[in-house]
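Nothing in this text is a laboratory measurement; each read-out follows from the coordinates by a stated rule. Note that this is a predicted model, so its numbers are computed, not measured. Glycine gets a Cβ as well: all are built from the backbone with ideal geometry, and neighbour counts include every protein chain shown.
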Amino acid sequence: MSSDTSKFHKSKQSAAVLKHAVINSYVTPFASKTGSTSKGNRVAFIDGYAGPGRYEDGTEGSGAMLLRKANELTALNRKVECHFVENDAATVARLRDVASAEGGDVKYTITDDDISTRLPNLLDEVKDIPLFVYLDPCGLPIPLDEVASIFKRPSGHGTPATEVLINLTAGLRRFAGMLYSEKAIGNSLKRLDEAFGGDWWRDVWLDKCPTKEGSEDQKMLAELAVVEGYAERLRQQASGAGTWIIDVKPRVDLKPIYYLVFASRHPDGLVTFGDATSMGLELWRKHNAEQAAEDTLFSVAADWEDDWKSEEKKLKDQWIGILAARLTSELAKGKPFRIFDRADEILGADLAGLVRTMHLRAAVKEVLAAKKTTTDPKGVRDIYKLLLMPA
């Protein structure tokens, strides 16, 4: 099977830097933890829209990254197997070359097919081991029902972990624009209905952006509302899964070009992914700072890394201050609590995904120093589940 996706694999753009940085930060703790108790220490990665493995400029794509991670994890006695699916013949050939050169002793499969066709068999092959599925289509994703089917595995204590990361909204605005047309475009809209699990998204979009002449802010609100609706339906169909939503931008000052939706049925998975997102965003900001420096005078560009580190410190101090204030407010209510149970109050929509364990730990230390709590976070591994006691 084939389709022309060649234009997407020339070089890694800023948005791709972010999503790959998040994956790079996430898959090692995922495989390390879940593989410690799995059968034969096995863990599976499925990359449903695998691409060529590496971009034409040599930088890592998801394929090369997952193979590298699988090789690194052998040092921890984790047997990670990678299953790649890609439906463009020329791209598959490039991926096979990358895997042959870099796969080492990792067990991997490469299938020239559509992920919708291949997914049921893959799920059967890895049914008894922890699974991370990455779905990064160039166009519309597979239907929501098929994404939800990934979670039709045993759940609960002692069962293999199941986690999914999906790139959403590619082409959403183009399809949404058809809602304002009088032409017969029902079949095109039905494609998005299928991907999103029904036509519910149409009313959601029109509620936020009722006319074709809607402002950019209205379109962004409509887009986010549809993504949130998708995540809600995935949670419902995935038997108790929680979700993260990450907006992916070319630069901080630009609008999102797509969203990543992560789903897991385990609290540890959600916490770990939140930390991975924070680390990924830090690397993304560094990449953008370096790119911006390349467009400036040499004397200024030479100092870009020092300037970036200075800005990162300002962000860190600001975030810790906000977290400490919110922790203090919760402690003032006079009852002990865990951060995990008060995530909305402590992290909020503004800091979720930006901060991670190191920032929360520093904030708890500040609150302890201010004598607002008697709880010392020293030596505590899981800061989210630490019970904070009012002073």
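Overview of results
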| quantity | calculated |
| --- | --- |
| Of every Cα-Cα pair in segment 287-388, the percent that sits beyond 19 Å | 49 |
| For A161, distant residues with modelled amide H under 5 Å away | L131 |
| Residue-span extension gain [E232 to K152] - 0.36 nm each, minus C-alpha spacing | 27.1 nm |
| Karplus (6.51, -1.76, 1.60) ³J(HN,Hα), θ = phi - 60°, over segment 57-73, in Hz, Gly and Pro reported as x | 8, x, 6, 5, x, 5, x, 4, 5, 5, 5, 4, 4, 4, 5, 4, 6 |
| Pairwise label distance in nanometres, D376 with L224, each label 7 Å out on the Cα-Cβ vector | 4.2 |
| Fraction of beta bridges assigned by DSSP in the chain that are antiparallel (%, nearest 5) | 45 |
| Dmax and Rg, reported as Rg then Dmax, of segment 67-220 (C-alpha, Å) | 19.5, 60 |
| Part-to-part distance (alpha-carbon centres) for segment 80-96 and segment 196-228, which is given in Å | 35 |
| Calculated log₁₀ intensity ratio I(q)/I(0) where the Debye formula runs over C-alpha points of segment 44-134, q = 0.13, 0.15 Å⁻¹ | -0.38, -0.51 |
| Entry for mean projected area of the Cα convex hull in nm² (calculated from the structure that is shown) out of (1) 21.9; (2) 18.3; (3) 19.2 | (1) |
| Residue-averaged 222 nm ellipticity for the chain, from DSSP H runs of 4+ at -39500 (n - 2.57), nearest 500 | -15500 deg cm²/dmol |
| Neighbour-count ranking [beta-carbon atoms within 10 angstrom, fewest first] of E312, E102 | E312, E102 |
| Nearby lysines by direct alpha-carbon distance to K183 (threshold 24 angstrom, same-chain neighbours under 8 apart not counted) | K208, K212, K219 |
| Per-peptide average of other Cβ atoms within 10 Å, ordering 197-203, 29-35, 219-225 highest first | 29-35, 219-225, 197-203 |
| GluC sites (Glu not before Pro) restricted to DSSP loop in segment 135-214 with at most 16 other C-beta within 10 Å | E182, E213 |
| Flagged links, alpha-carbon separation over 23 Å, of K316/K378; K333/K372; K107/K127; K19/K378; K309/K372 | K19/K378; K309/K372 |
| Highest-first arrangement of 271-280, 353-362, where packing means the average Cβ count within 10 Å | 271-280, 353-362 |
